[in-house]
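J.: Structure incoming, see below.
The values are calculated or read from the model by the stated rules, or taken from the named source; none is laboratory data. Since the structure is predicted, the reported quantities are computational estimates derived from the model, not experimental observations. Here Cβ is always computed from backbone atoms with ideal geometry, including for glycine, and neighbour counts include all displayed protein chains. Note: areas computed on protein heavy atoms with side chains; ligands, DNA, RNA excluded. Shrake-Rupley method; radii C 1.70, N 1.55, O 1.52, S 1.80 Å.
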Amino acid sequence: MSELTVPRRIGKLPAVLKGAAVLRLRAKPAGWLGRITGRLSIRNKGEFNIGRNVSFYGKPFPSSITVEKGARLQVGDSVFFNYGLDIGCTRSICIGSHTIVGPMVNIMDSNFHPVDADDCTASKEIVIGDNVWIGRGAVILPGVTVGDNTVIAAGSVVTRSIPANVLAGGTPAKVIRDIRVPEGWIRRYE
Ligand SMILES: CC(C)(COP(=O)(O)OP(=O)(O)OC[C@H]1O[C@@H](n2cnc3c(N)ncnc32)[C@H](O)[C@@H]1OP(=O)(O)O)[C@@H](O)C(=O)NCCC(=O)NCCS
C-alpha cells in the first residue's frame, strides 16, 4: 500500500493538506487524498498514515481526527469517511481498505476517564477490516475488532469484537445475521 504520512506539525504540512487541516475546502482534490469536502480538523501528535484515494466529508457537520503522542492511526486505500467523523486515537487504530464510515461515527481507542477509582483506563487497539460498512451514528469502543466485509448497523455501540462477513447491530452490538460476500466483492468502488 502506498501511503501519505500526515506530518505532526501543521506548519510542515504540504499546502493543500495544511488547508485541509485548518480551513474549509469545497470538493478540492488533495493529491493522494481522494477528496476533502467541508471542514476536517486533524490534530496529529503521533503517526498518521493514509492510503490512496481516501475521502473525507466535513459538512454539514465538521469531522475531527486526533492522534495522540506515541499513537498510530492507519487508514487503507479508498476509504470513505462521511461527515461528523470523530476519531480519537491514543494508541492504535487501523482501518482497512474500501471501508465506508457513515455520518456521525465515533471511533475511540480510549475511554479517556476512569469508571471506577481503581480503573487503569488503558487504551486498547481497534482494528477495522477491509470492505467494512459502519452505519450512521455508530460508536466503536476500545479493544474492538470488526472483521472484513462486516456491516455495523446505524446507531450501534460496538463494545466487543464482531467477526467478518456479518451484519451486526444494536447496543451493545450483536451479530444479526451472516451476509453474502462473493469472492473479491467490494461494496463501494471509487
Ligand atoms: C444495515 C441496514 C442497512 C439494515 O440492513 P438489512 O439487511 O436491510 O436489515 P433488516 O432491515 O432486514 O433488519 C435485519 C434485522 O436487524 C435489525 N436491525 C436493523 N437495523 C438495526 C439497527 N440499526 N440496530 C439494531 N438492529 C437493527 C432489524 O430490526 C432486524 O431484526 P429482526 O430480524 O429481529 O426483525 C440498516 O440497519 C442501517 O444501518 N441503515 C443505515 C445505513 C447508513 O448508516 N447509511 C448512511 C450512509 S453511509
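J.: Which residue pairs have Cβ atoms under 9 Å apart, sit 6 or more places apart or on different chains, and have a first residue in the range 173-188 that is at negative phi and of a type in the set (Gly, Ala, Ser) and a second that is open to solvent by 50 Å² or more (accessible area, probe 1.4 Å) and away from the ligand (no atom under 13 Å from the Cβ)?
T.: 173/160
J.: Let me ask another. I'd like the full set of residues that are at negative phi, away from the ligand (no atom under 12 Å from the Cβ), open to solvent by 10 Å² or more (accessible area, probe 1.4 Å) and assigned to a loop (DSSP other than H, G, I, E, B), limited to the range 139-168.
T.: Listed by number, the residues that qualify are 141, 142, 147, 148, 159, 160, 161, 163, 164.
J.: For the condition surrounded by fewer than 19 Cβ atoms within 10 Å (Cβ to Cβ) and in contact with a Phe, Trp or Tyr (Cβ under 9 Å, 6 or more places away or on another chain), what is the one hit in 90, 121?
T.: 121
J.: Restricting to the range 57-72, what's the tally of residues that are part of a strand (DSSP E or B), touching a Gly at 6+ places or on another chain (Cβ under 7 Å) and either among the small types (Gly, Ala, Ser) or within 18 Å of residue 126 (Cβ to Cβ) (or both)?
T.: Start the filter on the range 57-72 by keeping residues that are part of a strand (DSSP E or B), which leaves 57-67, 72.
Narrowing further to those that are touching a Gly at 6+ places or on another chain (Cβ under 7 Å): 57-59, 61-63, 66-67, 72.
Adding the requirement that they be either among the small types (Gly, Ala, Ser) or within 18 Å of residue 126 (Cβ to Cβ) (or both) leaves 58, 63, 66-67, 72.
Selection size over the range 57-72: 5.
J.: Looking at 84, 129, 102, can you tell me which residue is closer than 18 Å to residue 56 by Cα and touching a residue at least 24 places away in the same chain (Cβ under 8 Å)?
T.: 102
J.: Just one of 136, 180, 187 is under 25 Å from residue 67 (Cα atoms), of a type outside the set (A, V, I, L, M, F, W, C), open to solvent by 50 Å² or more (accessible area, probe 1.4 Å) and assigned to a loop (DSSP other than H, G, I, E, B); which is it?
T.: Values: 180 fails: under 25 Å from residue 67 (Cα atoms); 187 fails: under 25 Å from residue 67 (Cα atoms).
When all the criteria are applied, what remains is 136.
J.: Among the residues of the range 174-189 satisfying the criterion of being more than 18 Å from the chain's Cα centre (by Cα) and of a type outside the set (Val, Ile, Thr), which is nearest to the ligand (Cβ to nearest atom)?
T.: 177
Results for (1) modelled with pLDDT under 95; (2) open to solvent by 30 Å² or more (accessible area, probe 1.4 Å); (3) assigned to a strand (DSSP E or B); (4) of a type in the set (D, E, K, R), shown as yes or no for each residue.
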position: 78; (1), (2), (3), (4): yes, no, no, no
position: 83; (1), (2), (3), (4): no, yes, no, no
position: 94; (1), (2), (3), (4): no, yes, yes, no
position: 104; (1), (2), (3), (4): no, yes, no, no
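J.: I'm checking my understanding of the structure. Among residues of the range 106-118 that are closer than 20 Å to residue 63 by Cβ and more than 16 Å from the ligand (Cβ to nearest atom), which one is most open to solvent (accessible area, probe 1.4 Å)?
T.: 112
J.: Continuing with the same structure: Within the range 61-70, is even one residue within 16 Å of the ligand (Cβ to nearest atom) and either open to solvent by less than 10 Å² (accessible area, probe 1.4 Å) or out of contact with any Ser or Thr (no Cβ under 7 Å at 6 or more places or on another chain) (or both)? Break it down into steps so the answer makes sense when it comes.
T.: If we filter the range 61-70 for residues that are within 16 Å of the ligand (Cβ to nearest atom), which is where we start, we get 61, 63.
The next check asks that each one be either open to solvent by less than 10 Å² (accessible area, probe 1.4 Å) or out of contact with any Ser or Thr (no Cβ under 7 Å at 6 or more places or on another chain) (or both); those that pass are 61, 63.
Yes; the residues of the range 61-70 include at least one that is within 16 Å of the ligand (Cβ to nearest atom) and either open to solvent by less than 10 Å² (accessible area, probe 1.4 Å) or out of contact with any Ser or Thr (no Cβ under 7 Å at 6 or more places or on another chain) (or both).
J.: Next question. Need pairs with beta-carbon distance below 6 Å; first residue within 13 Å of residue 71 (Cβ to Cβ) and within the range 32-52, second of a type in the set (Ser, Thr, Tyr) and part of a strand (DSSP E or B); sequence gap 6+ or separate chains.
T.: Qualifying pairs under 6 Å: 43/66; 49/5.
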